[in-house]
Amino acid sequence: MPLNDLVANCWALLTLWQFSVRKWRCPANAIGSAFSEQTNSFSQSKNTMSAVNFSHVALNCRNMAAVEAFYTTHFGFRRARLIDLGGDGQILFLKSGSVYLELFQAAETSSVEPPQNDGPSTPGVRHLAFQVADIDAKLAEMGAAAEVTLGPLAFDDFIPGWKTVWVRDPEGMIVEISQGFVDQGDVPPMPAVATPAATASAATI
C-alpha cells in the first residue's frame, strides 16, 4: 500500500476513535453526575426537614368580640382575615408578627371549671404567653382588664431579671405575661425516645 494511502487510513482510524471516545464518554459522565446528585439529594433528605413555621392557636369563644378586643387592645393583634360561614358563623384570624389566633364561635357552653393560677395541670394547653419589657408597666396599662390569677413572681434563681404574672382573658384562658426570659446557652440535647415498636417489643420480654 502506498505510504500516502497508509497515512490517510491511519488518520481516518484515529479520527473515528476520538469521535467514539467523545461520544461514549459524555453519557457516562452525565450518568455519573446525575447519580451523584441524586445520592446527595437523598442523603440531605434524610438529615434535613422541610421548612416549618408555627402558625396559630385556635380558640373557641362565647363572645368573639370581647376576645378580639382583649388581644388587639393589649397584645398587639390585628384582624388578618374574616371567613363568613353563612348565617351567624364566622372564623376570625388575628395576627401579631407571624403568629395568628384563630377565633371560632363556641357551639356550646363548657362544664369545665375555669382554670386557676398559671393554667390547668391536665394534658393539653396550659396557657398562652407573651413577652414584655416591664410587666408592672404592662399591668398598669391594662388596668381592670388584667384579672391576675397568679403573681407577679420573680425567678431570679433561674434567670436574673425573669419575672412573670398570669392573667385571665374574657373567656377564662390563662395568659402569661413575662419579662427577662432568655434562652439557655448550654441546653442539654433531647433524650432518646423509644418508638412504639420498641416499646411493644420490650413489653413482651
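Since every read-out is calculated from the coordinates, none of them should be taken as a lab result. Bear in mind the structure is a predicted one, so any value in this text is a computation, not a measurement. Neighbour counts run over all protein chains shown; Cβ positions are idealised from the backbone, glycine included.
Overview of values
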| item | result |
| --- | --- |
| Flag for A133 being outside any strand (DSSP E or B) and within 16 Å of S178 (Cβ to Cβ) | yes |
| Test set (1) closer than 28 Å to V52 by Cα; (2) in contact with a Cys (Cβ under 8 Å, 6 or more places away or on another chain) - E171 fails condition number | (1) |
| Hits in the range 60-118 - residues which are touching a Gly at 6+ places or on another chain (Cβ under 7 Å) and over 16 Å from P170 (Cα atoms) | S96 |
| First in the range 63-81 and closer than 18 Å to L139 by Cβ, second anywhere and hydrophobic (A, V, I, L, M, F, W, C) and in a loop (DSSP other than H, G, I, E, B), Cβ under 7 Å, 6 or more apart | Y71/F77 |
| Selection from the range 173-194 of residues that are closer than 20 Å to I135 by Cα and either surrounded by fewer than 18 Cβ atoms within 10 Å (Cβ to Cβ) or polar (S, T, N, Q) (or both) | S178, Q179, F181, V182, D183 |
